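Some notes on the structure that comes next.
The values are calculated or read from the model by the stated rules, or taken from the named source; none is laboratory data. Fair warning: this is a prediction, and the values are worked out from it, not measured in the lab. So basically every Cβ, Gly included, is an ideal-geometry build from the backbone, and we count neighbours across all protein chains shown.
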Amino acid sequence: MASIDSALSAELLPMPSPEIVAQLRRNISTIHRSYRPRQGQKFPIDIPEVMDLFPGGQLPYGSIMEWFTETHGTEAESLSLRIGWSACLRNRFLVIVDPCFEIYPPGLSQLGIDLNRVVFVHPATKSDMLWTIDQALRCSAVGAVWSYLESLDPINHRRYQLASECGGTVGIFVRPLRARKESSWAEFRLLVQPVAFPAGEIGSQCRRIQVTLLRAPGLSEPIVREVWIDDPADRLLDIQRVEPFQRRYQYQKNRA
């Protein structure tokens with residue numbers, strides 16, 4: 001350890017202050033990568049209907065997503081679960097923390113999710129649920145952790161964000177609309193709302209939803225997307241394309 005410290009000191013001392021800071025940042029980044037092998041890595045979103053909401057159709061590992069919805073049945077659950085499954089590359093597991101037994105396993109199969117790589121956890125208490133989510137996010141064998149959270153205090157929110165970075169996992173939380181007012185450490189926040197059909201189309205078997213990306217790194221204004229749900233086939237079909245991604249995001253080049 002002494003040799004490392006002396007080498008760093010010898011390397012940094014002759015430099016002007018800005019160069020010292022830049023060198024320290026590079027050293028810290030190297031250390032983080034050695035302990036967090038997925039740091040900076042991304043995974044493709046295999047959901048054509050919403051993939052262009054995100055840069056390059058990809059999401060970073062080590063991040064937290066929140067999906068807000070007024071009621072169950074708006075497809076926030078199925079969309080977020082499909083994104084969670086997209087993060088489970090290289091035989092990683094999807095952990096579903098479901099204390100109320102609300103997720104129907106055969107329904108996951110219809111979404112293309114392999115139940116052999118899904119871990120269901122049904123905590124008996126809220127403290128057990130909070131602990132389970134934290135531990136699952138820290139596990140490198142896990143690709144994503146999914147749960148429905150009524151409320152989450154800022155301390156646990158920050159705890160999950162750090163746990164996600166540490167494990168290189170993705171935390172995906174479906175939350176009631178009122179939770180949108182809470183402080184949040186999530187890098188991505190989305191809103192899912194039903195869209196009424198025009199008069200004369202009430203008899204259709206399909207229904208529409210609106211997905212709004214509220215927060216993302218570099219996002220300058222919300223991005224809105226409409227899709228329709230074909231209930232009999234449980235598919236998401238494109239209705240309206242959003243504006244090109246580059247017009248809605250502000251890129252910051254050469255960020256430290």
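From the residues in the range 114-135 that are under 17 Å from ILE103 (Cβ atoms) and part of a helix (DSSP H, G or I), which one is farthest from the chain's Cα centre (by Cα)?
Top of the filtered list is ASN116.
Check SER183, SER109, SER151 and return the single one that is in contact with a His (Cβ under 9 Å, 6 or more places away or on another chain) and exposed (fewer than 13 other Cβ atoms within 10 Å of the Cβ). Break it down into steps so the answer makes sense when it comes.
Working: SER109 fails: in contact with a His (Cβ under 9 Å, 6 or more places away or on another chain); SER151 fails: in contact with a His (Cβ under 9 Å, 6 or more places away or on another chain).
Exactly one residue qualifies, and that residue is SER183.
Do you know which of the residues in the range 41-50 that are aliphatic (A, V, I, L, M) and closer than 20 Å to ARG90 by Cβ is surrounded by the fewest Cβ atoms within 10 Å (Cβ to Cβ)? Walk me through it before giving the result.
Going through the range 41-50, the residues aliphatic (A, V, I, L, M) turn out to be 45, 47, 50.
When the remaining residues are screened for being closer than 20 Å to ARG90 by Cβ, the result is 45, 47.
Working: ILE45: 20, ILE47: 18.
Top of the filtered list is ILE47.
Looking at (1) touching a Gly at 6+ places or on another chain (Cβ under 9 Å); (2) in a helix (DSSP H, G or I); (3) modelled with pLDDT of 80 or more, can you tell me which one ASP46 breaks?
Only one criterion is unmet by ASP46, namely (2).
Across the range 158-193, which residue is nearest to TYR104 (Cα to Cα) among those that are without any contact (Cβ under 8 Å) to a residue 40 or more places away in the chain and of a type outside the set (Ser, Thr, Tyr)?
The qualifying residue nearest to TYR104 (Cα to Cα) is ARG178.
Do any strands (runs of 3 or more DSSP E) lying entirely in the range 183-256 carry at least 3 residues that are at pLDDT below 80, and which ones are they?
Details: elements: 188-195, 206-215, 223-230, 235-240.
Per the criteria, 223-230, 235-240.
So, ALA141, is that one surrounded by 20 or more Cβ atoms within 10 Å (Cβ to Cβ) and in the same structural domain as SER184 (by TED's automatic domain parsing) or not?
Values: surrounded by 20 or more Cβ atoms within 10 Å (Cβ to Cβ): no; in the same structural domain as SER184 (by TED's automatic domain parsing): yes.
So ALA141 fails the test.
If the requirement is being surrounded by 12 or more Cβ atoms within 10 Å (Cβ to Cβ) and touching a Pro at 6+ places or on another chain (Cβ under 9 Å), which of these qualifies: VAL119, VAL97? Spell out how you get there, then give the answer.
On the way: VAL119 fails: touching a Pro at 6+ places or on another chain (Cβ under 9 Å).
After applying the criteria, what remains is VAL97.
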